[in-house]
1. Considering A:235, A:216, which residue is of a type in the set (A, V, I, L, M) and touching a residue at least 40 places away in the same chain (Cβ under 8 Å)?
2. Could you pull out the residue among A:186, A:174 that is more than 10 Å from chain B (Cβ to nearest Cβ), among the aliphatic types (A, V, I, L, M) and over 18 Å from residue B:26 (Cα atoms)?
3. Being within 9 Å of chain B (Cβ to nearest Cβ) and out of contact with any helix residue (DSSP H, G or I) (no Cβ under 6 Å at 6 or more places or on another chain) is the filter; apply it to segment A:213-227 and report the residue that is most open to solvent (accessible area, probe 1.4 Å).
4. Only one residue in A:93, A:117, A:131, A:76 is at pLDDT below 90 and within 11 Å of another protein chain (Cβ to nearest Cβ). Which one?
5. Open to solvent by 50 Å² or more (accessible area, probe 1.4 Å) and modelled with pLDDT under 95: is that true of residue A:210 in this structure?
6. Report, by residue number, each residue of segment B:16-33 that is open to solvent by less than 20 Å² (accessible area, probe 1.4 Å) and more than 9 Å from chain A (Cβ to nearest Cβ).
7. Can you name the residue in segment A:146-162 that is within 11 Å of the ligand (Cβ to nearest atom) and in a loop (DSSP other than H, G, I, E, B) and is also most open to solvent (accessible area, probe 1.4 Å) among such residues?
Amino acid sequence: MNAATTTRRESIGQSPRALPNTSSVPPRSLPNDEQRLLARLRQSDEQAFDELVTKHHGALIRMAMGHVGDREVAEEVVQDTWMAVIESLDRFEGRSSLRTWIFGIMIHKAKDRGVREKRHTTFSDFETFDEEQEDAVDPSRFHRSGEWAGHWAFPPQPWDDQTPERLLASQQAVQAMNRAIEALPVTLKDVLILRDVEGVEAKQVCDILQITETNLYVRLHRARERVRRAVETYLEGCQRAV
Amino acid sequence: MAHDASQSVHEEITCREVVEWTSAYLDAHVGEDRKQQIALHLAACAGCGAYVGQIASVRDLVRLLPQTVDSPSESEQVRQAVAAKLRRQ
Ligand SMILES: [Zn+2]
């Protein structure tokens, strides 16, 4: 094995330098539990794979859906991803976390597939998103001129300590939030799912998506704001109903 | 665009700017000057206080949302394909 055999996937966000085949010696840069997991995976431990697949399935499918717009195709993309993971596990160098590497492979495959299946361009998922242009929050909620220019004209109504719990307990609120997430343009959905749903470190999200941190926060904030708006609308509806 | 560093900490920041910086601020991904500027604003502005709190809640909520597409049976096909591939390896 030499540098030339390093897969394109392995080099996501990293320089494509390959180490000698390290399948018996897990990379030192990974935390211990991740090293143990990797060792099991490299022994083709079915249970280890099963746990990993189950753990990431939801997030992988949701993200793939954003790119291909079709549940069945998304399933195929995710399945292809795991096949690639199994095939190239020996070449995984451990300079990113295992999860970053797996999601990176999926994004590659989903993008390829999304380009091939361009017929989905009418999907809201493909809404073009111009992050330089769009304000996160509706500009009409701020004073436009005068002494208070740029300050809230219509500030958000405060939530109390119990609001998050109540939201989670309400099927309607949960549905409103899930719908808002599903309706996000793919560039926003990717960052929200990786950073907030999966809890991937900001730096790793940038590696997976090949974006800058500034970009990440612009997108992440717009995504969160759209979910916040959905909650706000839901709460306004509740108030009117009282 | 709110994401520039040209504004000095002594200048006041508007609510509209605070809003744009919220997620970076919550992740401690803003410079020291900007952080102080935002903290100062938040201490005096109820609207932005509520807004930042809500974005933090949303950040935590999306992780806890029950997923309709996430049940074990949904991943069954993929898990079987993985198991089959491992046995062929
Ligand atoms: Zn304010």
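1. On the way: A:216 fails: touching a residue at least 40 places away in the same chain (Cβ under 8 Å).
Within the list A:235, A:216, the selection yields A:235.
2. On the way: A:174 fails: more than 10 Å from chain B (Cβ to nearest Cβ).
Only one candidate passes the filter, namely A:186.
3. It comes out as A:214.
4. Working: A:93 fails: within 11 Å of another protein chain (Cβ to nearest Cβ); A:117 fails: within 11 Å of another protein chain (Cβ to nearest Cβ); A:76 fails: at pLDDT below 90.
On inspection, the qualifying residue turns out to be A:131.
5. Details: open to solvent by 50 Å² or more (accessible area, probe 1.4 Å): yes; modelled with pLDDT under 95: yes.
Judged against the criteria, residue A:210 is a match.
6. B:18
7. Step one: filter segment A:146-162 for residues within 11 Å of the ligand (Cβ to nearest atom), giving A:148, A:150-152, A:155-156.
Next, only the ones that are in a loop (DSSP other than H, G, I, E, B) stay: A:148, A:150-151, A:155-156.
Values: A:148: 146, A:150: 12, A:151: 35, A:155: 54, A:156: 6 Å².
The residue in question is A:148.
This table checks each residue for (1) crowded, with 23+ Cβ neighbours inside 10 Å; (2) of a type in the set (Val, Ile, Thr); (3) farther than 15 Å from residue A:189 by Cβ.
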site	(1), (2), (3)
A:66	yes, no, no
A:69	no, no, no
A:78	yes, yes, yes
A:87	no, no, yes
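The values are calculated or read from the model by the stated rules, or taken from the named source; none is laboratory data. The structure displayed is predicted, hence computed values, not measured ones. Heads up, the Cβs are rebuilt from the backbone with ideal geometry, glycines too, and the neighbour counts pull from every protein chain shown. Protein only, heavy atoms only, side chains kept; ligands, DNA and RNA dropped before computing areas. Shrake-Rupley method; radii C 1.70, N 1.55, O 1.52, S 1.80 Å.
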